[in-house]
Amino acid sequence: MLGHGDPSFVAIFGRVLSRMREVFRTKSAQPFVLAGSGTLGMEVAASNLFEPNDTVVVVETGVFGARMVNILERQGIRVVRVTAEVGDAPPLDAIDKALATGNARAITVTHVDTSTAVLAPVRAIAELARRHGVLSIVDGVCSIGAEAMHQDEWGIDLVLTASQKAIAAPPGLSLLSLSPRAIEAIRTRKSPVRSYYMDLNGWLPVMQAYEAGKPAYYATPAVGLVRSLDASLERITKEGMDAREKRHERIAEAFRAAWRALELEEIPRSELCAHTLSAVRYPEKVTPELVARIRAEGVAVATGLHPQNRDSYFRVGHMGEIGSAEVLTTIGAIERALRAFGHAPATSGVAAAQQVLTER
Ligand SMILES: *Cc1c(COP(=O)(O)O)cnc(C)c1O
């Protein structure tokens, strides 16, 4: 184990921070890495940017938007929720209206809500935020490293993710990227951040020092996890963000073709389907036992997560370091399990996915 002041760790941490700028596509934003999961990143955003009695508009497209509401309300922040049916996203004019009437300081949106597989129109929402002069916060835990994210170009003030999803590193790190406007908002707070560990004013000089090749201390960084993150970010930046987005689009298209061939319906509206995971309804005759059956075939998929309909669908993650081999293996296992439950469509999901993978 390296010490956190060891010159080789200083080089690793510095490299991690500068590679994060490539992943978030930003030159002006400040990256932060803290030990903790994605939820810590959500709490860091809430506790640094806002003070009690501030108002925040939350665009809710599933469980993680609801979690953000919970986090904000626990801190005494007023929340204006803009919701939609499960599988849908609220229309932009509803969001616009909430921003116009709410006296809000900020808007938050979940880029991909992992409970519904809905990909929210974050670019358009960030544009609305700028027009209303409020800060924009994107929970990108299930998107960053796979879906398009152009923090500078889209003018997003805070983007957060975690190490273990599309970044494809072990769990345990929270990654944040804050615009100069967000940093300024934290610097000029009226009251200090209530949490010592989460106070980004304390972490800022540490991140700046490591990126400049010098160690600094606020609280001990998770040295081993930062080294794992370095390995992942090296792979990601070597592949390149454009190529990585295209790979995820191609894979998502192969899965979509398989769902159609297998006569399965997806939870999200078709224009809102994420490229990082699928949420698929069980067909008639098929129960949530399907998930265990697929697991017995050697492939891990997940049950539903949304409290309104969790027993009516399952989820297949297709983010990170995956390619054609994993796509075909996964669809093959699902297809066999479905047939074991008596769902036997005329066309093959594997063949449909193979066709997409061959042509694209
Ligand atoms: C997983 C997830 C979270 C929570 O992250 P943890 O690492 O489990 O704390 C938050 N938001 C989204 C969109 C997620 O997918």
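The values are calculated or read from the model by the stated rules, or taken from the named source; none is laboratory data. Keep in mind that this is a model prediction, so the values were computed, not measured. Cβ coordinates were reconstructed from backbone atoms using ideal geometry, including for glycine residues, and neighbour counts include every protein chain displayed. When the accessible area is computed, the model is the full protein with side chains, heavy atoms only, and any ligands, DNA or RNA have been set aside. Shrake-Rupley method; radii C 1.70, N 1.55, O 1.52, S 1.80 Å.
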So which of 238, 285, 246, 214 is closer than 25 Å to residue 171 by Cβ, surrounded by fewer than 19 Cβ atoms within 10 Å (Cβ to Cβ) and of a type in the set (Lys, Arg)?
-> 238
Filtering segment 291-335 down to residues that are surrounded by fewer than 19 Cβ atoms within 10 Å (Cβ to Cβ) and among the polar types (S, T, N, Q) yields 303, 308, 309, 312, 324, 329
Can you confirm whether segment 40-51 contains a residue that is open to solvent by 10 Å² or more (accessible area, probe 1.4 Å), near the ligand (Cβ under 10 Å from one of its atoms) and not acidic (Asp, Glu)?
-> yes
Residue tally, condition within 11 Å of the ligand (Cβ to nearest atom) and either open to solvent by less than 10 Å² (accessible area, probe 1.4 Å) or not in a loop (DSSP other than H, G, I, E, B) (or both), over segment 155-166 | 5
Name the residue, out of 333, 337, that is in contact (Cβ under 8 Å) with a residue 24 or more places away in the chain, over 28 Å from the mean Cα position of the chain (by Cα) and within 17 Å of residue 261 (Cβ to Cβ).
-> 337
Do we find a residue being open to solvent by 10 Å² or more (accessible area, probe 1.4 Å), in contact with a Phe, Trp or Tyr (Cβ under 9 Å, 6 or more places away or on another chain), part of a strand (DSSP E or B) and within 16 Å of the ligand (Cβ to nearest atom) anywhere in segment 111-133?
-> no
Of all residues in segment 174-213, count the ones that are in a loop (DSSP other than H, G, I, E, B) and either under 24 Å from the mean Cα position of the chain (by Cα) or among the hydroxyl-bearing types (Ser, Thr, Tyr) (or both).
-> 8
Residue 231 vs. criteria open to solvent by less than 20 Å² (accessible area, probe 1.4 Å) and in contact (Cβ under 8 Å) with a residue 40 or more places away in the chain | no
